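Please read the structure below before turning to the comments.
The values are calculated or read from the model by the stated rules, or taken from the named source; none is laboratory data. Since we're looking at a predicted model, the values are computed, not measured. Virtual Cβ from ideal backbone geometry, glycine too; neighbours counted across all protein chains shown. Each accessible area value is taken on the protein alone, full model and side chains, heavy atoms only, with ligands, DNA and RNA left out. Shrake-Rupley method; radii C 1.70, N 1.55, O 1.52, S 1.80 Å.
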Amino acid sequence: MHITDGKVGARELLGTVVFMIAMKATDSTPDLLIYHAMNASWLLSLLSGLIILLPLLLLVGLMKKYNTGLHDLLLRFTGRWVSGAIVALMFIGLFISTTINARSYVDIVNTLFFPQTSIPLILLSLLLFCSFVANRGFETIGRVTWLMFGVIMIVGTLLILTTWQHTSFSYLFPLLGPGLDQLLWDSLTHSSLYGEIILIAFFFPYVRSFQAYRGGIMIGFGLCVFLLVLFNALYVMVFDYPAIEHMAYPYQQLTRAASFGNKAAHLESVFLFIWIIGAVLHFAIYLYLLAYLFSRIFKIHEFEPLILSLAGMILLMAGFPKNIIQQNILRDWLISSTSFMFLLLPIVLWGLHLWKGRTS
Amino acid sequence: MGASSVEGANFMKASILIIRSMVIWLPMLLMAGCADRIEPERLAHVVVLGLDLAEGGKLQVTFQIANPQVGSTDRGQAENEPPSDIVTITATDILTARELANTIIPRQINFTHLQTLIISEELARSPHLHDTITSMVRLPEIRREMNMIITREKAQVFIVKNKPRLETRPHKYYEFMMDQWEISGIVPLSNLNEYLKDLSGEVYLAIYATTERIEAPTFEFEAHYRAGEVPTKKADPAQMVGSAVIREGKMIGTLTGEETRYAMMLKKQGKAHSHITSFPDPLKEGERVAVRLIRNEGTRIQVDVSDEVPKISVELQLYAQLWSIQGLTNYVTNKENQLLLERSIEEKLERETMKFVRRAQEEFRGDPFDWHTEAKKKFWTWNDYLRYDFLDKFPRAEVKVHYDVTIESFGKQFEPARVRKD
């Protein structure tokens, strides 16, 4: 019996976007931002968001004109082989990113909470659960993320309230950190922080209407930028630069600092619980996206069985990095190299659209 | 017939599915996280950790392990057990000391409830203080919000002797003291997080405590004492007054309670918002007046970094509540006397504060007031701030402190009652 039409609305899309991107404020991404931008990591995330806004608007405009998803746009403008190559590039980039990210989340859990449990075991559990969630389809993922969205917002507010007494606004100064020129360059190379907002355009066929898509994406994007800026600022406000440069996992440390009044309330277990749920949803979305991209290269129609095999491959590949330092280096290189792809793709597509419009 | 065979096929499919999922799930339920599980009764919670210097650069680590049955309704089952167990081990660092202690204590020692760290002055004055603390922070179990107390004597002696008569559970003593510190300001708020922020040449103040009794050099008025000098007879053993001054990872001196109070008051925000002090009576030589000074708003700090030498001006708004007039002078209904008292308090405060600021500049050569955070606001990039080198210039800075005292209440009497002599 069909209760739904299998499509998602704006709310589910909003939840999906938030779990894809805003979860990056809580893993090892702030380490990279702080390494580059010192105490101005919040400004770095803000500038990156502003930089990727233009390509995003171009893409949404294109989708409105042709009322179709990113894959069809690519096919229309670049033909079968070039679009296949572009999607393959995106797939490889996203695959390496998911592998390293999954490994970093597992490292966080292993270092801080379960030191004696073996890393492959935690990796197996994580990927198994994520593939079970992803197997249910995009609509299910969307609805679960919308369900958890309210919970995450409440818990996030609780975190801010309980750590507010430890914050000091003055620690954000000097505002420009390493200097405006370096900040601008770093925000350009790190704009693939928000790169998945371009990739979500592949799922346009699953969304009910263009208005729903636009509403979900723009509100979701704004909310993600806000959350990333807020959390990066919060880390510096509580721990102060340069102490935070030596800290490996700022989000988990922040939850340890959360307290009601003066006594340590050990609230970090509540926040850990919610974080794990967020992590599972985060990777479920990535797995689904990876399976989708893979199927688009080779024109496979039923791609949900691919999810489990991709999860298996990620499990094998994620064993490669030795520890968090290697992962951070790889991650930095990956972010810098994929940024330009995400930035240029909508601009190139728009350019092709204008060119085709002129000649036809 | 067709329906039942379809149903039969569905049943087969369903049962295969269930069996398949159980084959995957069950072993996982048994394997996941089992390496890190532990029962609560197998844990020994350390609530106070003491660090001393031992020969050969080693550490003498003291664990005070709390007995959870004391102070709870379970007390009846453990009547003869003491409230805590103290174990001292010499090792190279805390983690190895913990491993060694696990050979003595049958439970597994863990740090999840560790809230207080006690360091002896000997260790604090040695170059080992910084690497001890920094290597401790690496452990995930150690919290950055742990309080740090520096003691005159060895930490082990302090922990053993610190048995307050009305607090059986050791962690409660430190917890309650913490609440008092926040109000009185006679002791700084010091935790590891604050220490790790002050590593670039700022001065960091840590709580100073002792169980020894030291003859104070001269009899001073209340808060001019350091730990151990407060004149008491037959009281609880430990005293926490004043602070230890730490700069660049080493302890370089101590402050009295009053100086610590000035250090807390001159900071931009936060603690030490009300305390009771006495001031000399301006109209009667030798008598004192006791007031409670309340700071409701933050201190206004202005830093001017346009010149070679930074100029800092600090303004404090204090409200005074007059509680006791020993000399029976009428400061209540006499308006001029009120103003006189206010002015006299302001002058005394400004004089003492400037004395302390000069001491911080000349003797400690560092900034205990977090004024460098205000200075940072004047620069756009980190490099500009480092190039100006505020902390290096601080000993030469021109500092001006201005107090604005307003008497807001006088207790529940008007002018002091006098003995009528006929």
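What FRET efficiency would be calculated for the residue pair residue B:284, residue B:141, taking the C-beta separation as r and a Förster radius of 56 Å, to the nearest 0.05?
Here the calculated transfer efficiency is 0.45.
Keeping every protein chain in place, order B:333, B:112 by accessible area at 1.4 Å, biggest value first, i.e. largest first.
Largest to smallest exposure gives the sequence B:333, B:112.
Using a Gaussian network for chain A with springs between C-alpha atoms less than 10 Å apart, which of these wobbles most: A:216, A:137, A:15?
For chain A, modelled as a Gaussian network with Cα springs under 10 Å, the answer is A:137.
Apply the membrane-span-like helix rule to chain B: whole DSSP H runs, Cα extent along the own long axis of at least 18 Å, mean Kyte-Doolittle hydropathy at least 1.6. List the helices found.
Qualifying helices: none.
Given R₀ = 51 Å, FRET efficiency for residue A:347-residue B:352 by Cβ-Cβ distance, to 0.05? Please report the intermediate quantities before stating the final value.
Numbers: r = 66 Å, r/R0 = 1.30.
My answer for the efficiency is 0.15.
Order A:347, A:51 by their accessible area, 1.4 angstrom probe, all chains in place, largest first.
The ordering from most to least exposed comes out as A:347, A:51.
Give me the one-decimal nm value for the distance between modelled label points at residue B:35 and residue A:300, 7 Å along each residue's Cα-to-Cβ direction.
So the two model labels end up 3.2 nm from each other.
When we measure straight from the Cα of residue B:412, which lysines land under 27 angstrom away, once same-chain ones fewer than 8 places off are left out?
Here the lysines satisfying the reach criterion relative to residue B:412 are B:284, B:335, B:348, B:421.
Share of Cα-Cα pairs in the protein assembly as shown beyond 42 Å, in percent?
44
What is the sum of charges, Lys and Arg at +1 and Asp and Glu at -1, for the other residues whose Cβ falls under 13 Å from the Cβ of residue A:32?
-3
Using only the Cα atoms of chain B, each taken as one equal point scatterer with no solvent, compute I(q) by the Debye sum, divide by I(0), and report log10 of the ratio at q = 0.06, 0.07, 0.11, 0.14 Å⁻¹.
With one equal scatterer per Cα and no solvent, log10 I(q)/I(0) is -0.37, -0.47, -0.93, -1.27.
Which value at 222 nm does chain B reach when only helices count, each DSSP H run of 4 or more adding -39,500 (n - 2.57), with the total divided by all residues and rounded to the nearest 500 deg cm²/dmol?
Mean residue ellipticity, 222 nm, calculated: -9500 deg cm²/dmol.
Per residue, how big is the convex hull around the C-alpha atoms of the range B:38-256? Give it to me in cubic angstrom, could you? Don't jump to the answer; show the numbers that get you there.
Details: hull volume 29.0 nm³, N = 219.
In the range B:38-256, the Cα hull volume divided by residue count equals 133 Å³.
Between the helical axis of A:306-317 and the dominant principal axis of chain A, each derived from Cα atoms, what acute angle in degrees is found, rounded to the nearest 10?
50
Work the Kirkwood hydrodynamic radius out for chain A: mean of 1/r over every pair of different alpha-carbon atoms, inverted, in Å.
21.0
Residue B:380 label point, 7 Å along Cα→Cβ, cut-off 19 Å on backbone N: hits in the range A:180-211?
Flagged as within label range: A:180-188.
Mind giving me the FRET efficiency for residue B:326 and residue A:260? R0 is 56 Å, r the Cβ-Cβ distance, nearest 0.05 is fine.
The formula returns an efficiency of 0.85 here.
Pop a pseudo-label 7 angstrom from the Cα along the beta-carbon direction at both residue B:389 and residue B:250 and give the gap in nm to one decimal.
2.0
What lysines sit close enough to residue B:378 to cross-link, taking a C-alpha to C-alpha distance under 26 Å and skipping anything fewer than 8 places away on the same chain?
B:197, B:267, B:268, B:271, B:311, B:393, B:400
With a 1.4 Å probe and all protein chains left in place, how much of the accessible area of the range A:7-359 comes from carbon and sulfur atoms, in whole percent?
Carbon and sulfur atoms account for 71 percent of the accessible area of the range A:7-359.
Cut-off 20 Å, label point 7 angstrom out along Cα-to-Cβ of residue A:82: give me the residues of the range A:255-298 whose amide nitrogen falls inside.
A:296-298
Does anything in the range A:141-166 have its amide N under 15 Å from the 7 Å Cα→Cβ label point of residue A:7, and if so which residues?
Counting backbone N atoms under 15 Å from the label point, the list is empty.
Summarise the partner chain shielding of B:380-388 as one whole number: the mean count of Cβ atoms from other chains within 10 Å of each residue's Cβ.
5
Two decimals is fine: what's Rg over Rh for the range B:267-422, C-alpha atoms, Kirkwood radius as Rh? Numbers along the way, then the final one.
Numbers: Rg = 19.7 Å, Rh = 17.7 Å.
Using Cα coordinates only, the ratio equals 1.11.
Given a 1.4 Å probe and no ligands, DNA or RNA in the count, how much accessible surface is buried by B and A, both sides, to the nearest 100 Å²?
Result for this pair: about 3300 Å² buried.
Based on DSSP H runs of at least 4 residues, each adding -39500 (n - 2.57), what is the mean residue ellipticity at 222 nm of chain A after dividing by all its residues, to the nearest 500 deg cm²/dmol?
The per-residue figure over chain A is -25000 deg cm²/dmol.
Taking Cα atoms, how many degrees apart are the long axis of helix A:268-298 and the longest axis of chain A, rounded to 10 and kept between 0 and 90?
20
For residue B:58, go through the lysines and keep the ones whose alpha-carbon is under 18 Å away, minus same-chain ones fewer than eight residues off.
The reachable lysines, counting only those whose Cα sits under 18 Å from residue B:58, are B:154, B:250.
Once you put a point 7 Å from the Cα of residue A:323 and another 7 Å from the Cα of residue B:308, both along the Cβ direction, what distance in nm separates them?
4.9
When Lys and Arg each count +1 and Asp and Glu each count -1, what net charge do the other residues less than 10 Å away from residue B:137, Cβ to Cβ, add up to?
Its environment carries a net charge of +3.
Quick check for you: with a 1.4 Å probe and neighbouring chains kept, what is the accessible area per residue of the range B:304-384, in Å²?
Using a 1.4 Å probe on heavy atoms only, each residue of the range B:304-384 averages 46 Å².
Compare each residue of the range A:247-279 in its chain alone against the assembly with all protein chains, and report those whose accessible area goes down by 50 Å² or more; 1.4 Å probe, heavy atoms.
A:256, A:262, A:263, A:266
Work out how much length residue B:93 to residue B:404 would gain on full extension: take 0.36 nm times their residue separation and subtract the Cα-Cα distance, in nm to one decimal.
Full-extension gain reported as 107.0 nm.
Run the numbers on chain B and let me know its relative contact order in percent, using alpha-carbon pairs under 8 Å that are six or more apart.
Reported relative contact order: 11 percent.
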